[in-house]
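What follows is a set of notes on a single structure, which appears directly below.
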Amino acid sequence: MTPLRILVVDDEALARERLRAMLLQMPDVHVLDSADEGAAALATINNEQVDVLLLDILMPGMDGLQLARVLSERADAPGVIFVTAHDAHAVTAFENHAVDYLVKPIRKERLALALTRARQFLLGRAAANRISGSGKHFVSRSRGALRKVPFDSIHYLQADEKYVTAHAEDGVHVIDDTLKSIEAQHGEDFLRIHRNCLVSRSALSALTRGDEGQAWVHLTAVEKPLEVSRRCLAQVKLAFENSTRA
């Protein structure tokens, strides 16, 4: 079994040493140099492979929740296990895709369970990447199962506060990707029309104006038009012009 590369992030030296001591008693782990705040941890993550973060919440500078929000935008982010003296932040932690949430003082058995969950998270993500990497697909998770959602079946992608949903020919699917990462990686397939919406370029049908000047995109096989923000209107017009010339 490949050792988990673990980074401990806590502003208290004693807390870092206690965690390191427990980790060194466990099999299949490699403990990296620790960090005392979020920015230092982010620098380590940017420069070397980190599989799991044991992350305190209340720290000076970039705190644990801020770091988790930054990492939530990354497809290769470590599994985050929050380790804190306070239980009041648990809901926010899991909204930021935490693998687990441990309240100090930490028992060795509970830490081992959290690492098992982190390994399962990493293995599941690797499997999803293998599936999506075999062609142009997103991966949808439903009740613990993974399924492919082909790009060419998707009409549009929409984000709310917690999820990105792919509105496709066979229904609506929740996917793990962010709109930002989808636009960066697959801009040739999907066009941003609003801060919370990308549409399939191949589904573009018409661009119209409402009575008050608001712009709307019409998609093939989608009955309801989608609003275009003023910020995105120029690039939407350009997409239609390019498709017409093609």
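Rounded to the nearest Å, what's the spacing between the alpha carbon centres of the range 199-246 and the range 4-64? Just the number, please.
After rounding, the separation between the Cα centres reads 46 Å.
If you line up the long axis of helix 108-132 against the longest principal axis of the chain, both from Cα atoms, how many degrees apart are they, to the nearest 10?
So the inclination is approximately 30 degrees.
Heavy-atom accessible area per residue, the chain, 1.4 Å probe: how many Å²?
56 Å²
Rounded to the nearest 0.05, what FRET efficiency do ARG201 and ALA75 give with R0 = 22 Å and r taken as the Cβ-Cβ distance? Could you check?
That pair, ARG201 with ALA75, gives E of 0.50.
Between ASN46 and GLU223, what FRET efficiency comes out of the Förster formula 1/(1 + (r/R0)^6) with R0 = 41 Å and r the beta carbon distance, rounded to 0.05?
Here the calculated transfer efficiency is 0.35.
Viscosity 0.692 mPa s, temperature 37 °C: Stokes-Einstein D of the chain from its Kirkwood Cα radius, in µm² per second?
Diffusion coefficient, whole number: 163 µm²/s.
Report the one residue of PRO150, ILE45, ALA114 whose Cα lies farthest in the direction of the positive end of the charge dipole of the chain (charges on C-beta: Lys and Arg +1, Asp and Glu -1; origin at the Cα centre).
Working it through, the farthest residue towards the positive pole turns out to be PRO150.
Could you compute Rg(Cα) / (2.2 N^0.38 Å) for the range 13-73, with N its residue count?
1.13
Given 5 Å bins starting at zero, what is the percent of C-alpha pairs of the range 145-246 in each, up to the one with the largest pair distance?
Once binned at 5 Å, the Cα pair distances of the range 145-246 give 2, 12, 24, 26, 19, 10, 4, 1, 0, 0.
Considering only DSSP beta bridges whose two residues both sit in the chain, what percent are antiparallel, to the nearest 5?
In the chain, DSSP labels about 65 percent of beta bridges as antiparallel.
In what sequence, highest mean first, do 99-110, 209-220 appear when ranked by Cβ atoms within 10 angstrom?
In decreasing order of mean packing, 99-110, 209-220 become 99-110, 209-220.
If I fit a long axis through the Cα atoms of helix 230-245 and take the longest principal axis of the Cα atoms of the chain, what angle between them do I get, 0 to 90°, rounded to 10?
That works out to roughly 60 degrees.
For a test of understanding, tell me how many lysine pairs in the chain have Cα atoms under 23 Å apart, given they are 8 or more places apart or on different chains.
7
Counting only protein heavy atoms and using a 1.4 Å probe, what share of the accessible area of the chain belongs to carbon plus sulfur, as a whole percent?
Solvent-exposed carbon and sulfur of the chain make up 50 percent of the total.
The values are calculated or read from the model by the stated rules, or taken from the named source; none is laboratory data. What you see is a predicted model, and the numbers here were worked out from it, not measured in a lab. So basically every Cβ, Gly included, is an ideal-geometry build from the backbone, and we count neighbours across all protein chains shown. Note: areas computed on protein heavy atoms with side chains; ligands, DNA, RNA excluded. Shrake-Rupley method; radii C 1.70, N 1.55, O 1.52, S 1.80 Å.
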